[in-house]
Amino acid sequence: MNTLKWLGLGVVVVVLDQATKWYVVRTLELGDEVAVLPFFSWVRWHNEGAAFSLLSQAGGWQRWFFVVLAIGFVAFIVYELRRLPDGHRTMGWVYGLIVGGAVGNLIDRVIHGYVVDFVLVHYEHYYFPAFNVADAALTIGATLWIGVTVAEFFRQRQEQTSS
(Lines give C-alpha, C1' and ligand atoms only; values in the text may rest on other atoms or scores of the structure.)
Protein backbone atom coordinates (compact mmCIF):
# COMPACT_ATOMS: atom_id res chain seq x y z
CA MET A 1 0.00 0.00 0.00
CA ASN A 2 2.85 2.37 0.85
CA THR A 3 4.37 1.78 -2.59
CA LEU A 4 1.10 2.68 -4.35
CA LYS A 5 0.80 5.93 -2.40
CA TRP A 6 4.22 7.15 -3.52
CA LEU A 7 3.78 5.87 -7.07
CA GLY A 8 0.54 7.88 -7.03
CA LEU A 9 2.65 10.98 -6.42
CA GLY A 10 4.71 9.99 -9.45
CA VAL A 11 1.52 9.70 -11.53
CA VAL A 12 0.46 13.20 -10.45
CA VAL A 13 3.86 14.54 -11.57
CA VAL A 14 3.56 12.77 -14.93
CA VAL A 15 0.03 14.10 -15.52
CA LEU A 16 1.04 17.68 -14.64
CA ASP A 17 4.17 17.41 -16.74
CA GLN A 18 2.45 16.02 -19.82
CA ALA A 19 -0.53 18.40 -19.52
CA THR A 20 1.72 21.47 -19.34
CA LYS A 21 3.87 20.24 -22.24
CA TRP A 22 0.73 19.54 -24.29
CA TYR A 23 -0.47 23.09 -23.65
CA VAL A 24 2.90 24.59 -24.60
CA VAL A 25 3.11 22.57 -27.82
CA ARG A 26 -0.44 23.64 -28.75
CA THR A 27 0.07 27.35 -28.03
CA LEU A 28 3.70 28.16 -28.85
CA GLU A 29 5.83 27.59 -31.90
CA LEU A 30 9.31 26.14 -31.47
CA GLY A 31 11.61 28.95 -30.33
CA ASP A 32 8.83 31.27 -29.14
CA GLU A 33 9.38 33.22 -25.94
CA VAL A 34 6.64 35.03 -24.03
CA ALA A 35 7.88 37.37 -21.30
CA VAL A 36 5.79 36.99 -18.14
CA LEU A 37 7.97 38.91 -15.66
CA PRO A 38 11.32 40.68 -16.12
CA PHE A 39 13.05 37.49 -14.95
CA PHE A 40 10.65 34.79 -16.16
CA SER A 41 9.41 33.69 -19.59
CA TRP A 42 7.40 30.90 -21.16
CA VAL A 43 9.26 29.32 -24.07
CA ARG A 44 9.03 26.32 -26.32
CA TRP A 45 12.37 24.66 -26.70
CA HIS A 46 13.25 21.07 -27.52
CA ASN A 47 16.12 19.38 -25.70
CA GLU A 48 17.56 16.25 -27.30
CA GLY A 49 20.11 15.91 -24.51
CA ALA A 50 20.00 15.55 -20.76
CA ALA A 51 20.22 18.23 -18.07
CA PHE A 52 21.79 21.45 -19.36
CA SER A 53 21.54 19.99 -22.92
CA LEU A 54 24.28 17.46 -22.18
CA LEU A 55 24.87 15.37 -25.33
CA SER A 56 22.22 17.30 -27.28
CA GLN A 57 24.45 17.37 -30.37
CA ALA A 58 25.48 13.70 -30.19
CA GLY A 59 23.85 12.67 -33.45
CA GLY A 60 20.74 10.83 -32.26
CA TRP A 61 22.10 7.82 -30.38
CA GLN A 62 21.57 9.69 -27.09
CA ARG A 63 17.78 9.40 -27.43
CA TRP A 64 17.81 5.65 -26.87
CA PHE A 65 20.66 5.86 -24.37
CA PHE A 66 18.54 8.19 -22.20
CA VAL A 67 15.45 5.98 -22.71
CA VAL A 68 17.31 2.89 -21.48
CA LEU A 69 18.91 4.88 -18.64
CA ALA A 70 15.51 6.21 -17.52
CA ILE A 71 13.88 2.78 -17.63
CA GLY A 72 16.71 1.28 -15.57
CA PHE A 73 16.65 4.12 -13.09
CA VAL A 74 12.86 3.97 -12.68
CA ALA A 75 13.08 0.20 -12.12
CA PHE A 76 15.73 0.77 -9.43
CA ILE A 77 13.66 3.48 -7.71
CA VAL A 78 10.51 1.32 -7.75
CA TYR A 79 12.54 -1.54 -6.25
CA GLU A 80 13.82 0.78 -3.52
CA LEU A 81 10.31 2.14 -2.97
CA ARG A 82 8.97 -1.36 -2.43
CA ARG A 83 11.62 -1.90 0.26
CA LEU A 84 10.87 1.41 1.97
CA PRO A 85 9.57 0.88 5.52
CA ASP A 86 6.33 2.57 6.54
CA GLY A 87 6.90 5.96 8.10
CA HIS A 88 9.76 7.06 5.84
CA ARG A 89 7.72 9.87 4.33
CA THR A 90 10.63 11.98 3.10
CA MET A 91 12.09 9.11 1.08
CA GLY A 92 8.59 8.37 -0.22
CA TRP A 93 8.45 11.95 -1.53
CA VAL A 94 11.95 11.54 -2.97
CA TYR A 95 11.07 8.36 -4.85
CA GLY A 96 7.68 9.61 -6.02
CA LEU A 97 9.09 12.86 -7.39
CA ILE A 98 12.02 11.15 -9.10
CA VAL A 99 9.88 8.43 -10.69
CA GLY A 100 7.35 11.00 -11.91
CA GLY A 101 10.03 13.27 -13.35
CA ALA A 102 11.90 10.43 -15.02
CA VAL A 103 8.74 8.98 -16.57
CA GLY A 104 7.54 12.42 -17.71
CA ASN A 105 10.72 13.05 -19.68
CA LEU A 106 10.87 9.40 -20.79
CA ILE A 107 7.47 9.78 -22.48
CA ASP A 108 8.77 12.80 -24.42
CA ARG A 109 11.91 10.98 -25.54
CA VAL A 110 10.00 7.92 -26.74
CA ILE A 111 7.26 9.88 -28.56
CA HIS A 112 9.18 12.91 -29.88
CA GLY A 113 12.88 12.11 -29.58
CA TYR A 114 13.37 15.20 -27.41
CA VAL A 115 12.08 16.75 -24.19
CA VAL A 116 9.84 19.83 -24.33
CA ASP A 117 11.15 22.60 -22.03
CA PHE A 118 9.11 25.72 -21.35
CA VAL A 119 10.12 27.52 -18.14
CA LEU A 120 12.91 30.07 -18.59
CA VAL A 121 14.37 32.01 -15.67
CA HIS A 122 16.80 34.80 -16.48
CA TYR A 123 18.35 38.03 -15.26
CA GLU A 124 19.55 40.58 -17.81
CA HIS A 125 21.89 38.52 -20.05
CA TYR A 126 22.17 35.56 -17.68
CA TYR A 127 19.93 32.59 -18.44
CA PHE A 128 19.28 29.41 -16.49
CA PRO A 129 18.61 26.50 -18.86
CA ALA A 130 14.93 26.08 -19.70
CA PHE A 131 13.16 23.29 -17.84
CA ASN A 132 9.76 21.65 -17.31
CA VAL A 133 7.65 20.08 -14.54
CA ALA A 134 9.48 16.74 -14.81
CA ASP A 135 12.86 18.48 -14.46
CA ALA A 136 11.61 20.39 -11.41
CA ALA A 137 10.34 17.17 -9.79
CA LEU A 138 13.64 15.42 -10.48
CA THR A 139 15.61 18.32 -9.03
CA ILE A 140 13.47 18.57 -5.89
CA GLY A 141 13.60 14.78 -5.43
CA ALA A 142 17.37 14.63 -5.89
CA THR A 143 17.89 17.58 -3.52
CA LEU A 144 15.76 15.90 -0.86
CA TRP A 145 17.64 12.64 -1.42
CA ILE A 146 20.97 14.38 -0.84
CA GLY A 147 19.57 16.12 2.24
CA VAL A 148 18.29 12.85 3.72
CA THR A 149 21.59 11.11 2.97
CA VAL A 150 23.66 13.87 4.59
CA ALA A 151 21.35 14.01 7.63
CA GLU A 152 21.59 10.23 8.04
CA PHE A 153 25.39 10.37 7.77
CA PHE A 154 25.61 12.95 10.55
CA ARG A 155 23.05 11.08 12.68
CA GLN A 156 25.12 7.88 12.45
CA ARG A 157 28.30 9.80 13.16
CA GLN A 158 26.69 11.37 16.24
CA GLU A 159 25.62 7.92 17.46
CA GLN A 160 29.17 6.59 17.02
CA THR A 161 30.72 9.43 18.99
CA SER A 162 28.08 9.11 21.73
CA SER A 163 28.77 5.39 22.23
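The values are calculated or read from the model by the stated rules, or taken from the named source; none is laboratory data. On a predicted model such as this, the values are computed, not experimentally measured, just so you know. With ideal geometry, Cβ positions are generated from the backbone for all residues, glycine too; neighbour counts draw on all protein chains shown.
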Screening Asp117, Asp86 for residues that are touching a His at 6+ places or on another chain (Cβ under 9 Å) and either of a type in the set (D, E, K, R) or over 30 Å from Gly31 (Cβ atoms) (or both) leaves only Asp117
Does segment 83-101 contain any residue that is out of contact with any Pro (no Cβ under 6 Å at 6 or more places or on another chain), surrounded by 14 or more Cβ atoms within 10 Å (Cβ to Cβ) and of a type in the set (Asp, Glu)? no
Do we have Gly113 as of a type in the set (Gly, Ala, Ser) and modelled with pLDDT under 95 here? yes
Which numbered condition trips up Leu69, out of (1) closer than 28 Å to Val43 by Cα; (2) surrounded by 14 or more Cβ atoms within 10 Å (Cβ to Cβ); (3) out of contact with any strand residue (DSSP E or B) (no Cβ under 9 Å at 6 or more places or on another chain); (4) in contact (Cβ under 8 Å) with a residue 40 or more places away in the chain? (4)
Provide a single number: the residues in segment 113-141 that are within 21 Å of Ala35 (Cα to Cα) and outside any strand (DSSP E or B). 9
Selection count where residues are of a type in the set (Ser, Thr, Tyr) and under 24 Å from Trp93 (Cβ atoms), scope segment 117-142: 1
Counted residues in segment 125-163 being surrounded by 14 or more Cβ atoms within 10 Å (Cβ to Cβ) and acidic (Asp, Glu) come to 1
So which of Thr139, Thr149, Thr143, Thr161 ends up being closer than 18 Å to Leu69 by Cβ and either without any contact (Cβ under 8 Å) to a residue 40 or more places away in the chain or charged (D, E, K, R) (or both)? Thr139
So how many residues does segment 59-99 have that are charged (D, E, K, R), over 23 Å from Val15 (Cβ atoms) and modelled with pLDDT under 90? 2
